[in-house]
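To start, the structure under review is shown below, and the notes come after it.
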Amino acid sequence: MDQNSITQMLTNAMGPMGPLYALAGVGALLVLATLPVLLRKREDPFDKLRPKAAPASPAGGKRGARGGDQKKPQSLRHAAGSDKLDKFAGFLEPKTASEMSESKKWLQKAGYRGANSVRNFHAVQFVLGLGLLSVGLIYVLFTNATNEVPMTSTKSLMTVLLPGVFGYYAPKRWVDQRVAARTAEIQNGFPDALDMLLVCVEAGQSLDQGIIRVAKELATSYPSMSEEFEIVAHEIKAGKDKTAVLRAFGDRTGVPDVMSFVTVMIQSQQFGTSIADALRLYAADMRDKRVMRAEEAANKIPTKMTLGTMMFTVPPLLIILVGPSVHDMLENFKAMGM
């Protein structure tokens with residue numbers, strides 16, 4: 001069977017786009033055949049170095065202190081269940097440590113702090129992209145099978161590809177919007193947090209206790225800001241270095257005002273200056289910046305309204321003023337036989 005007969009057979013069976021559908025099907029089969037190799041989890045070389053479980057003691061062996069058999073030491077933490085996407089980690093996660101770190105920071109700025117957040121994000125991208133791509137392909141096949149006039153090749157290709165592209169980039173757009181909304185919330189709530197922290201410090205509380213109190217007070221009005229302060233309080237309680245905790249606080253938020261505050265707190269701690277004085281000056285500066293941002297946004301309103309005014313006010317006004325004169329001129333031309 002030559003190439004022309006195969007093409008003619010596919011065209012008769014599936015319409016003018018039959019050869020393209022067959023090629024897409026072969027490509028999908030090749031991808032499915034390759035996926036098991038890509039998704040196979042490789043054995044960790046460090047597993048060979050880990051100590052293996054001790055063999056069971058023979059009968060009549062050494063007994064415990066209470067006369068019972070020797071028990072395994074109890075674990076201090078409950079073992080977390082294996083993630084369902086663990087076997088797909090090599091396919092879903094970035095290959096280099098730098099890309100993995102950047103992806104984690106990006107998702108942390110959006111509020112996704114899970115250990116498998118990067119893996120889950122790429123899994124959602126993969127599923128949505130392939131799912132909507134399949135929906136577009138099914139729609140094209142159904143339309144060409146039911147209509148007498150099939151879609152053109154360009155329209156069919158766009159109908160198949162556009163949903164897949166939308167499904168792939170929609171999660172990224174969602175995370176970007178979450179990052180922008182969370183950054184704006186932290187930026188707007190940071191001056192209030194500094195004022196409350198200053199009140200706590202001047203009332204005699206330490207900086208650590210003030211952070212805990214501020215986290216509780218801001219839970220309703222600014223939940224993102226409260227969450228960040230809770231993380232700082234828990235890390236300090238866990239015994240981490242306060243300088244490292246504050247620097248991590250600035251890196252997680254990505255807000256320039258918070259990074260400047262972290263620098264001020266670290267310098268105040270290193271040089272032994274008063275934390276209350278530093279907070280008082282910096283809180284006043286943050287209030288002034290918030291007022292300046294509000295004034296800047298208010299000054300942009302007339303410029304943004306200019307386009308709407310020109311589009312929705314000037315044309316109707318011209319029609320009302322010039323319309324009658326144009327109508328009279330047309331009637332005079334008709335009367336003159338022109």
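The values are calculated or read from the model by the stated rules, or taken from the named source; none is laboratory data. On a predicted model such as this, the values are computed, not experimentally measured, just so you know. Neighbour counts are summed over all protein chains in view; Cβ atoms, including those assigned to glycine, are modelled from backbone coordinates with ideal geometry. For the accessible areas, the whole protein counts, side chains as well, though only heavy atoms, and no ligand, DNA or RNA atoms are used. Shrake-Rupley method; radii C 1.70, N 1.55, O 1.52, S 1.80 Å.
Where nothing but the Cβ of Lys and Arg (+1) and of Asp and Glu (-1) is charged, how large is the charge dipole of the range 275-331 around its Cα centre, in debye to the nearest 20?
That gives the range 275-331 a dipole magnitude of about 440 debye.
Which of the trypsin sites (Lys or Arg not before Pro) found in the range 112-163 are in a DSSP loop and have at most 13 neighbouring Cβ atoms, other than their own, within 10 Å? Please list the in-between numbers first.
On the way: sites: Arg113, Arg119, Lys155; in loops: Arg113.
Passing both the DSSP loop test and the Cβ count: Arg113.
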Problem set entry | Inter-label distance, nm, simple model (7 Å from Cα along the C-beta direction), Ala297/Gln205 | 2.8
For this session: Roll a 1.4 angstrom probe over the protein heavy atoms and tell me the percent of accessible area of the range 179-338 that is carbon or sulfur.
Result: 63
Exercise. How much area per residue is accessible in the range 296-338 when the probe is 1.4 Å and only protein heavy atoms are counted (Å²)?
Worked result: 92
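Using a 1.4 angstrom probe, figure out how much accessible area the range 105-160 has per residue, in square angstrom, rounded to the nearest whole. If you can, show how the numbers build up before the last one.
Values: 3330 Å² over 56 residues.
Value for the range 105-160: 59 Å² per residue.
Stretch Tyr112-Ser221 to full length: gain in nm at 0.36 nm per residue minus the Cα-Cα span? Could the numbers behind the result be given before it?
Numbers: separation 109, 0.36 × 109 = 39.24 nm, distance 2.00 nm.
In short, 37.2 nm is gained.
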For this session: Let me know the charge dipole size of the range 210-308 about its Cα centre in debye, to the nearest 20, where only the beta-carbon of Lys, Arg (+1) and Asp, Glu (-1) is charged.
Result: 100
Problem set entry | Farthest toward positive dipole pole in the range 214-338 [+1 Lys/Arg, -1 Asp/Glu at C-beta], among Ser260, Ile319, Asn299 | Ser260
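Treat every Asp and Glu Cβ in the range 106-218 as -1 and every Lys and Arg Cβ as +1, leave all other atoms uncharged, and give the resulting dipole magnitude about the Cα centre to the nearest 20 debye. Write out the running numbers ahead of the final one.
On the way: 10 positive and 8 negative charges, 91 e Å.
The dipole of the range 106-218 has a size of about 440 debye.
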Problem set entry | FRET efficiency estimate (nearest 0.05) - Cβ-Cβ, Thr263 to Met311, R0 30 angstrom | 0.05
